[in-house]
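Notes for the one structure printed next.
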Amino acid sequence: MDNLTFDIAHLLAGSLVLVSFMLLYQDRLSALLNVYALHAFVLALSVAWQAYAQDAPHLYVTATIALVFKAILIPVVLHRMIVKLGIHREVETVVGVGPAMLLGMGLVALSMVVMLRVTAEADPLAREDLAFALSVVLLGLLMMVTRRNAVSQIVGFMSLENGLVLAATGAKGMPLVVEISVAFSILIAFIVIGIFLFRIRERFDTVDVAALDSYRGERQ
Amino acid sequence: MALMLNLVVQGAQMLLVLLLAPFLTGLVRKVKARLLRRQGPPLLQPYRDLARLMRKEVVLADSASWLFRANPYLIFAATWVAASLVPTFGAGLMFSWSADLIAIIALLGLARFFLALAGLDVGTSFGGIGSSREVMIASLAEPAMLMIVFTLALVAGSTQLSTMAEFLVSSEVGLRVSLGMALIALIMVAIAENARVPVDNPATHLELTMVHEAMVLEYSGRHLALIDLASELKLLLYVSLIACLFLPWELAPQGALPESLAFGVIAYLAKLGLCGFLLALFETSIAKMRVFRVPEFLGAALMLSLLATLLMFVSRSL
Amino acid sequence: MTLDAVTAVLAIPATAALLLAVLPGYKLTAYLNVAASFLTFLVALSLFFFERPAPGPYLLVDDLNNVFIVLTTFVGFTTSVFSATYIEHELEIGRLTPTFLRFYHAMYQVLMFALNLALVTNNIGVMWVAIELATLTTVLMVGIYRTHEALEAAWKYFILGSVGIALALFGTILIYMAAQPTIGEGLNSMVWTTLMAHASTFDPALLNVAFVFLLLGYGTKVGLAPLHAWLPDAHAEGPTPISAVLSGLLLNVALYALLRFKMLLAANPEALAPGPLMIAMGLVSVVFAAFMLYRRGDIKRLFAYSSIEHMGIITFAFGMGGPLANFAGLLHMCMHSLTKSAIFFAVGGIAQVKGTQKIADMGGLTITHPLLGWGLVAGVVAIAGLPPLGIFMSEFLVVSSTFAREPLLALPLVLGLLVTIGALFLRLNSIAFGEPRGPNHKAKGSYLPMFAHLGLVLVAGFYLPGPLVAWFQNVARVLG
């Protein structure tokens, strides 16, 4: 496998990490959704390139699913939903943007150290793929933890899933699970969007999860 | 004989840099004016400005110290040395062994330090504002610059500019996302360091928006001429740096023939023209940021360069 | 009756789910639910008596999951019986509409399918998929009442559960990466029996990191502190049959998944023993839950924390390792499943007769509803670990093996157990004895499942069937 193939795979996976950082930086909901669409698009490109590099045609299917559903359909649906439900347009954060970025950098460094040390025997393409995938997963987790708006938590979770799909494509020859995990993530996305947002909105007139806190049963 | 030739070529670079600096500034101003549908000053106006300032009398404040009078020379010397070390038309010149990127950054830092001191020296509040803002910008831009240097050093295997340039022009480089990120970060840092829009407006004299201008408000005559020339050299330095690292084509390698050197000069002039034009275009299409948003801007540059460095660790060296 | 039995265990719930999604009417669907669960239980039972099928790339029946599949289908069956009588009441008071009822029954069978699939599969990828499916169905069912609290509970459960599942998937991928150099690409590297055969050749560092991810991921589903935050709310706000299934079955299946991976790690001599991590999480869960029990005012939440504590004990036992502790852990899994679901049956009945879940509003149960009250007393005695019931046996084994090997660790464990006994009896006193408080509706739920479970637990305190002991001992050896 020549240097150019590796470089392009590295380029796409690195861009995915960069877009994850951009997700952390957004403070308006519609911009957040657009950046998420970009995230899914870069993921689709990355998976398609892995399909070419590993000579695994079934991954092209995964790439197409990621493109159609995650990059186009779900952002469009979420956009419509935000407008229809009149959700508060700003994203409230628990931690400021600066510290969140620094934490994110720390997580990326940590995941690289861990993954590179642990996968010493695998081939370079798989190693870099897994290292970046773990970074994206951890950044998605950071996003879920530092956001108070339910929609942005969902976006954080979906970016986490994107990282998982990247990891699964990096592990060469992993059967079926890629397709199944993609199918499940779509299912989860639809269930979440369809049921919870409507129900939370219906019950609370808001999707600020801080409002949910008053109903935490722990006081009982 | 070869020694003489090398010395001549090195001297030629130093002179070239000195002569071209005002021209670049003039070009940027002219293009900006044209884009705004004005006539704009002539291209050679900065030379005339410098000549005019040299003829004028120096007016010093009562409270100015010896540092105030010595500063312009110090700043000019440091900046000129730094600017002449960056490869413009040829790599591997006589003094290129000293052209370490970290050394260049250190020289620029030295110049900035003295400039900030000058702003504080006279004791006016304008100078104080300018110095504090300048140092705030520096505290964010320097780490970003260093991370960019690390990235480039990791790619090229050395911090010496000539080695870097020769490596980057070879085919071993390949397509690197870290280099792309480093380029964007370097452009952002360059804009901040040279007091360009959106960080600082070089044409303003409003106290709310001044950074660089505030610090040199008290200078006049030949002192001001030297400081102006120094800031023009700094702009040329950054543009040459970007050109040498990211547009390294036609850079004459070490010990090249005079024809290659001539080609190198022509290519360099073309790169300067291109970058000047792009800078003018960028400045007219964006508004100046509020001062307290500058840390966000530079924070983004720092993050980009950090990420570029981190990504290098997962790259082809695996 | 070979491979067919295993496939039937999966096929019956699947078809039942499809049917239940479309059939109308409460009585019909309830009976169909019970019938399907009973059939699944019979089929699973047949695995005890007939020869086991050879492991295939997707399905496997061995010493470990033989017992659990029967246990799961049994508890599923008894819960469906309880649910059939209990949910009718919910329908009457308007907490559920008929559409949601169809949804509830269909989801119940899908949950059964997912649990069975997770237990009998030989493929670590399919196991992950099954556990994710089970999580999803329970999330939907927890939120089914659509009150503010139910939605909050379901949302928290969804978020935490999904994060756990994501981490578990990453761990699974890493296991695949570890297996790939030796076994090669493709399906074979995900088949558990093949993995076990070659486990000693895997890269130990990769296995360690993979297990950490798996412990964090599946550990969230088991409800180990500090990843337990979803558990109390999910138990309190969902319908009671779901609380019973969550505590009794889902926690077990998640722990079972962890056990499979622990066996992989044990087969590789260079891999770090995961013991200390599991011991730490287990002890923290036990002590934390024990102290949290004191302040609970909601009866379901009380027993939810009790579940956390017991899962902590089990994890601690498996972390200690060694044949005795492992055996105790396996036994405890079975006993806890039976006892906790019995308690939740009682709690469901209590919630219905008293019309509330708040402990402060109920009292004197043994006087107003003697069967229910004494059933609850028996359940609490069992879950507190008093002799002669089954849980006492397993707790005793854990504590004695800990004293023998690491006496210092036994101190917090015993402290936690004692604190729990105190808290549980305090609450029991206020609920079951004393002056009757609160309204006294008629009980609708059947008491039979509760007493059936308690009876089994009582018998297990005295006698365990020989084959069962042999299987558990085999597994205890392999667990390391």
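The values are calculated or read from the model by the stated rules, or taken from the named source; none is laboratory data. As the structure is a prediction and not an experimental result, all values here were calculated from the model. Cβ atoms come from the backbone with ideal geometry, glycine included; neighbour counts cover every protein chain shown.
Some observations on this one:
- Any pair with Cβ under 7 angstrom, 6 or more apart, that starts in region C:294-314 at a residue that is farther than 16 Å from C:M335 by Cα and ends at one that is modelled with pLDDT under 90 and among the charged types (D, E, K, R): C:G297/C:K358; C:D298/C:K358; C:L302/C:R296; C:L302/C:R427; C:Y305/C:R296
To keep it simple, each residue is scored yes or no on (1) touching a Lys or Arg at 6+ places or on another chain (Cβ under 7 Å); (2) modelled with pLDDT of 90 or more; (3) within 26 Å of C:L331 (Cα to Cα).
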{"position": "C:T201", "(1), (2), (3)": "no, no, no"}
{"position": "C:F211", "(1), (2), (3)": "no, yes, yes"}
{"position": "C:K221", "(1), (2), (3)": "no, yes, yes"}
{"position": "C:H228", "(1), (2), (3)": "no, no, yes"}
{"position": "C:P239", "(1), (2), (3)": "no, no, no"}
{"position": "C:V245", "(1), (2), (3)": "no, yes, yes"}
{"position": "C:G248", "(1), (2), (3)": "yes, no, yes"}
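Okay, residues lined up against (1) of a type in the set (V, I, T); (2) more than 9 Å from chain A (Cβ to nearest Cβ); (3) within 29 Å of C:G186 (Cβ to Cβ):
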| position | (1), (2), (3) |
| --- | --- |
| C:Q109 | no, yes, no |
| C:F113 | no, yes, yes |
| C:L117 | no, yes, yes |
| C:G125 | no, no, yes |
| C:V129 | yes, no, yes |
| C:T137 | yes, yes, no |
| C:Y145 | no, yes, no |
| C:H148 | no, no, no |
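- Residue in region B:268-277 that is assigned to a helix (DSSP H, G or I) and more than 16 Å from B:L24 (Cβ to Cβ) present: no
- Residue within region C:161-170 that is surrounded by fewer than 24 Cβ atoms within 10 Å (Cβ to Cβ), facing chain A (nearest Cβ under 7 Å) and of a type in the set (V, I, T) present: yes
- The requirement of being facing chain B (nearest Cβ under 10 Å) and farther than 30 Å from A:R148 by Cβ is not satisfied by A:M101.
- Those residues of region B:22-42 which are out of contact with any Leu (no Cβ under 6 Å at 6 or more places or on another chain) and more than 21 Å from B:L224 (Cβ to Cβ), in sequence order: B:L27, B:V31, B:K32, B:A33, B:R34, B:L35, B:L36, B:R37, B:R38, B:Q39, B:G40
- Qualifying residue in region A:45-60 (condition: within 14 Å of the chain's Cα centre (by Cα), of a type in the set (S, T, Y) and buried (at least 23 other Cβ atoms within 10 Å of the Cβ)): yes
- If you go through region B:241-256 and keep only what is part of a helix (DSSP H, G or I) and aromatic (F, W, Y), you end up with just B:F246.
- Candidate set from region C:267-308 (those that are β-branched (V, I, T) and surrounded by 23 or more Cβ atoms within 10 Å (Cβ to Cβ)); member that is farthest from C:A199 (Cα to Cα): C:I299
- Candidate set from region B:286-318 (those that are more than 9 Å from chain A (Cβ to nearest Cβ) and among the charged types (D, E, K, R)); member that is nearest to A:L102 (Cα to Cα): B:R293
- Residues satisfying the stated conditions in region C:258-271, i.e. in contact with a Leu (Cβ under 8 Å, 6 or more places away or on another chain) and part of a helix (DSSP H, G or I): C:L258, C:L259, C:R260, C:F261, C:K262, C:M263, C:L264, C:L265, C:A266
- Of the candidates B:E283, B:E259, B:E232, the single residue that is away from chain A (no Cβ under 14 Å), buried (at least 23 other Cβ atoms within 10 Å of the Cβ), charged (D, E, K, R) and assigned to a helix (DSSP H, G or I) is B:E232.
- Answer residue from region A:133-160, given it is at the interface with another protein chain (Cβ under 7 Å from one of its Cβ atoms) and not aliphatic (A, V, I, L, M) and is surrounded by the most Cβ atoms within 10 Å (Cβ to Cβ) among those: A:F157
- Residues satisfying the stated conditions in region C:174-213, i.e. outside any helix (DSSP H, G or I), within 8 Å of another protein chain (Cβ to nearest Cβ) and buried (at least 16 other Cβ atoms within 10 Å of the Cβ): C:E185, C:D203
- Odd one out for A:L164 among (1) more than 22 Å from B:M312 (Cβ to Cβ); (2) surrounded by fewer than 21 Cβ atoms within 10 Å (Cβ to Cβ): (2)
- Across region A:1-35, the number of residues qualifying as more than 22 Å from A:G98 (Cβ to Cβ) and either part of a helix (DSSP H, G or I) or within 11 Å of chain B (Cβ to nearest Cβ) (or both) comes to 18.
- Scanning region B:148-188 for residues that are more than 14 Å from chain A (Cβ to nearest Cβ), out of contact with any Asp or Glu (no Cβ under 9 Å at 6 or more places or on another chain) and buried (at least 22 other Cβ atoms within 10 Å of the Cβ) yields a count of 7.
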